[in-house]
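Reviewing the structure listed below.
The values are calculated or read from the model by the stated rules, or taken from the named source; none is laboratory data. Computed from a prediction, not measured in an experiment: that's the story for all the values here. All Cβ positions, glycine included, derive from the backbone under ideal geometry; neighbour counts span all protein chains shown. Ligands, DNA and RNA are stripped out before the accessible areas are found, and what is left, the full protein with its side chains, is counted by its heavy atoms. Shrake-Rupley method; radii C 1.70, N 1.55, O 1.52, S 1.80 Å.
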Amino acid sequence: MASWNALSPSIVEYFEGEDFYRCGYCKNESGSRSHGMWAHSMTVRDYQDLIDRGWRRSGKYVYKPVMNQTCCPQYTIRCHPLEFQPSKSHKKVLKKMLKFLVKGEVSKGNCEDEPMDSAMEDAVTGDFALINKLDIKCDLKTLGDDLKESLKSEEKKKEKTSKKEDSKELINSQAIEEKLGSGEPSHSIKVHVVPKPGKGADLSKPPCRKAKEIRKERKRLKLMQQNPDGAFESFQAQGQTPSLFPSKTKSNQPKSLEDLIFESLPENASHKLEVRVVRSSPPSPQFKATFQESYQVYKRYQMVIHKDPPDKPTVSQFTRFLCSSPLEAENPPNGPECGYGSFHQQYWLDGKIIAVGVIDILPHCVSSVYLYYDPGYSFLSLGVYSALREIAFARQLHEQTSQLCYYYMGFYIHSCAKMKYKGQYRPSDLLCPETYVWVPIEQCLSSLENSKYCRFNQDPEAVDEGRSKEPDRLQVFYKKAIMPYGVYKKHQKDPSEDATVQQYASLVGQACSERMLLFRN
C-alpha cells in the first residue's frame, strides 16, 4: 500500500471528442453523450476533485456526461450523513430487516414500491454497449506494464541531474515530489459554499441538535471498532451488547440511524447478518478468498434483475466493471483506519454473501459505485438497506477523520422516475453543471420540473473558479518524460492536438491538469 508521501501521480489517457451510446434510462439508442478517459492509475485526491466536477468512474473508465446535450442529464448528488435522519420509509425497511433477523418473518405483498437498485446504480448500469466499447479501448489503449517503471526511472535520473541542469523543459524531481504529495496538499481541496436562500431557513445548514445528543452519538460511533488486523471491518447485527448500540432512547428523542441498524438481537434470533468491508484494489486476501462467491451473486443479479443471458455476465466483465479500479490504495496517518481506495462491502447472512456494495473511500466522502444482490432476498429492499448502512459507515469514518463527511450517491436523474429516489436521502445537494458549486436539492427541484438541464447557481456572474486558466502548465507524459504542455506543444505539428488537450484541461480543471499526467503518444 502506498504511503501518503510516496504516491505515483495519476496517469490518464483522454479520448477526444464525445462518446455516443445507448441510454440505460430512456433507451435512446444514441442519446447518451459523455466525455471519457482511461485512468491507468489515479490518486484518491485527484478522483475526489474530479467527482466534484461531475466525473464518475466505471472500472478504470472515467466519464463525464455532456450535460447540455445528453438525453438524460445526470447531476452528481451528495448526502450529509452527519445531519441525516431516516424517513418513515427508511425506518420501515430497517424494521423489516430486524423482523427477518429476529423471527425469520418475510414481508407479504409486493415490494416494488422500494427501488430495486440502491444509490450505487449509475449511468452504465444497464448499458453494456458502453462496457463493450471499454473492452475495445482497454485492448487498444492500455499502456504497457513498464509505464510506471519508466516513470520511476525518469524521476531517479532527474534527481541525479537536477542540481547540474537548469532545464525549463522537464519538471525537476523536487517539483514532482511536491505534486505527488508530501503529507499535506499544497493547497486545500476546495469545498464550495452554497449561496444562502433569499428567504427562510438556510437549508444547507444542519438542523439544531442538543450538545448532549451529539456527544452521545459520537461516543457510540467511537465504540464501533475495526477488527485488529485492519483487513476488513465487521459490524454484526446480531450479538451486539446494549452498551454499544442502545436500542432505547428517551421518549422525546427519535432513534438514531445507529439505534435502528444495530439494535440488539436475542440469542435465539433466526438469522445472523454481518457486514464486512474488504479492499478490492489491490485485492486483499479476504477479497480473493470470496471472489467466486461474490461473482456468483453478481451473475444471478444480472440474469434476474437485468435479464442478461447466462453467458453475458462473465468473470472478466465482472472484474473490469466492479473489481478493477484505478485508485491507488493510500493509508495516511490522519486518514481512516481502513485507508483510502476501492472496497467491496459484503453482506453476509448466515455465512453466505447475499449482497455486495462497491464503494470508494475518498478524502471527503464515501462514494457509492454499484450494488448487486441475490434476487432471492429482494423482499428485504437491499438497495435501500445498503444505502442506509453506507450512510452509517460514512458517519463512523468521520469519527476517524473529520474531513470525511459526505456520502456521494452517484448521479441524480430527475427525468428518470426510477432514479429520483436518491433525492429522498436528505439533506442532500446537487452539483451545478456550470460553476461546480453545491446547491441544496430543495432549491433545484422547481427548475428541474421545467427543464431537464439546469444551471443551479443563481448568481449570473458566477463562473467556474476551478477552470483551466493556464493550460501550458498542464502535465504531459510523453516518451517516458514528464513535461509541461507549453513545452510539449512546441514539438507538435498536428493542429487538432491542441484542441484535444484544451478540451481535456477545461473538463478536469486547473488543479487536476497540473497534478495528473496526460499520456500522449
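Quick look at the numbers
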{"read-out": "R0 of 51 Å, Cβ-Cβ distance Val315-Lys490: FRET efficiency to nearest 0.05", "value": "0.65"}
{"read-out": "Spacing of the two label points (7 Å from each Cα toward its C-beta) at Glu497 and Ser451, in nm", "value": "3.9"}
{"read-out": "Global geometry of the range 418-466, whether rounded, prolate or oblate, following the gyration tensor of its Cα atoms and the 1.5 cut on a/c", "value": "prolate"}
{"read-out": "Part-to-part distance (alpha-carbon centres) for the range 44-99 and the range 272-346, which is given in Å", "value": "18"}
{"read-out": "Derived scalar couplings ³J(HN,Hα) [the range 320-326; Karplus, 6.51 cos²θ - 1.76 cosθ + 1.60; whole Hz; x for Gly, Pro]", "value": "5, 7, 10, 10, 5, 8, x"}
{"read-out": "With DNA, RNA and ligands ignored, accessible area of Cys454 (1.4 Å probe; Å², nearest 10)", "value": "10"}
{"read-out": "Probe 1.4 Å, accessible area per residue of the range 370-521, Å²", "value": "37"}
{"read-out": "Gln296 paired with Glu267, simple spin-label distance in nm, labels 7 Å along Cα-to-beta-carbon", "value": "3.3"}
{"read-out": "Per-residue HN-Hα couplings for the range 503-518 [Karplus 6.51, -1.76, 1.60; θ = phi - 60°; Hz; x = Gly/Pro]", "value": "5, 4, 4, 5, 7, 8, x, 5, 4, 5, 5, 8, 9, 7, 9, 8"}
{"read-out": "Separation of the Lys469 and Asn331 label points, Cα + 7 Å toward Cβ, nm", "value": "3.9"}
{"read-out": "From phi via Karplus (6.51, -1.76, 1.60), per-residue ³J(HN,Hα) for the range 470-478 in Hz, x at Gly/Pro", "value": "10, x, 5, 8, 4, 8, 10, 10, 9"}
{"read-out": "Magnitude of the charge dipole, the range 247-369, Cβ model with Lys/Arg +1 and Asp/Glu -1, debye to 20", "value": "320"}
{"read-out": "Cross-link pairs Lys96/Lys299; Lys91/Lys307; Lys91/Lys255 - those with Cα-Cα distance over 19 Å", "value": "Lys96/Lys299; Lys91/Lys307"}
{"read-out": "Solvent-accessible surface (1.4 angstrom probe) belonging to Trp348, in square angstrom, nearest 10", "value": "20"}
